[in-house]
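Just so it is clear, none of the values below were taken in a lab; they were calculated from the coordinates. These numbers were taken from a predicted model, which means no experiment stands behind them. Methodologically, a virtual Cβ is constructed for each residue, glycine included, from the backbone with ideal geometry; neighbour enumeration extends over all protein chains shown.
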Amino acid sequence: MRPLVRPYKDRPIAATPLDQEVTWVEEGRKFRAQIWDNPVLPGVVPGPQQATFRVIAIYDPRYD
């Protein structure tokens with residue numbers, strides 16, 4: 001799971017495509033959340049019996 005493009009041995013490794021992106025305004029600041037649903041962990045075989053989870057990366061303009 002890779003939220004941003006990363007270099008590896010002088011070559012870029014693509015970011016994992018998003019499932020959803022949400023924006024909202026709080027106290028005059030615009031926040032953004034990138035969401036990935038049901039990512040698969042390394043070494044895990046996907047299936048109905050596997051536990052699932054959600055990854056949410058929140059971008060706060062105060063920490064640019």
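Considering all projection directions equally, how large on average is the shadow of the alpha-carbon convex hull of the chain, in square nanometres? Display every interim value, and only then the final one.
Details: hull surface 25.0 nm².
Computed as one quarter of the Cα hull surface, the answer is 6.3 nm².
Let me check I've understood the local charge: for Leu18, count other residues with C-beta under 14 angstrom from its C-beta, Lys and Arg +1, Asp and Glu -1. What total comes out? Kindly include the intermediate steps, with their values, before the conclusion.
Numbers: positive: Arg2, Arg32, Arg54; negative: Asp19, Glu21, Asp37.
Around Leu18, the surrounding residues sum to 0.
Quick one: compute the contact order of the stretch 1-42, relative version, from alpha carbon pairs under 8 angstrom and 6+ residues apart, as a percent. Please report the intermediate quantities before stating the final value.
Details: 46 pairs, mean separation 12.2, N = 42.
That works out to 29 percent.
For a quick check: with amide H placed at 1.01 Å from N, whose amide H comes under 5 Å from Leu18's, ignoring anything fewer than 5 positions away on the same chain?
The list, which skips near neighbours in sequence, is empty: none.
How large is the dipole of the chain about the Cα centre if only Lys and Arg carry +1 and Asp and Glu carry -1, each at its Cβ, rounded to the nearest 20 debye?
Using Cβ point charges on Lys, Arg, Asp and Glu, the chain gives about 260 debye.
Could you run the Karplus curve 6.51 cos²θ - 1.76 cosθ + 1.60 with θ = phi - 60° over the stretch 16-26 and give me ³J(HN,Hα) per residue in whole Hz, x for Gly and Pro?
Each residue's phi maps through the Karplus curve to give 5, x, 6, 8, 7, 9, 10, 10, 7, 10, 9 Hz.
Using each residue's phi in the stretch 41-53, evaluate 6.51 cos²θ - 1.76 cosθ + 1.60 at θ = phi - 60° and report the 3J(HN,Hα) Karplus result to the nearest Hz, with x for Gly and Pro.
Computed from phi, the couplings for the stretch 41-53 are 6, x, x, 9, 8, x, x, x, 8, 6, 5, 10, 8 Hz.
Calculate, for Val5 and Gln49, the FRET efficiency according to 1/(1 + (r/R0)^6) with r their C-beta to C-beta distance and R0 25 Å; round to the nearest 0.05.
Values: r = 33 Å, r/R0 = 1.34.
Computed FRET efficiency for Val5 and Gln49 comes out at 0.15.
Would you kindly derive the ³J(HN,Hα) couplings of the stretch 6-15 from the backbone phi angles with the Karplus curve 6.51 cos²θ - 1.76 cosθ + 1.60 (θ = phi - 60°), listing them in order in whole Hz, with x for Gly and Pro?
After applying 6.51 cos²θ - 1.76 cosθ + 1.60, I find 10, x, 9, 6, 6, 10, x, 10, 4, 6 Hz.
Once you list every other residue whose beta carbon is under 12 Å from the beta carbon of Tyr59, what net charge do they have if Lys and Arg are +1 and Asp and Glu are -1?
My count for the surroundings of Tyr59 gives +1.
Once label points are set 7 Å from the Cα along Cα→Cβ at both Arg62 and Val25, what is their separation, rounded to one decimal in nm?
Inter-label distance under the simple model: 1.9 nm.
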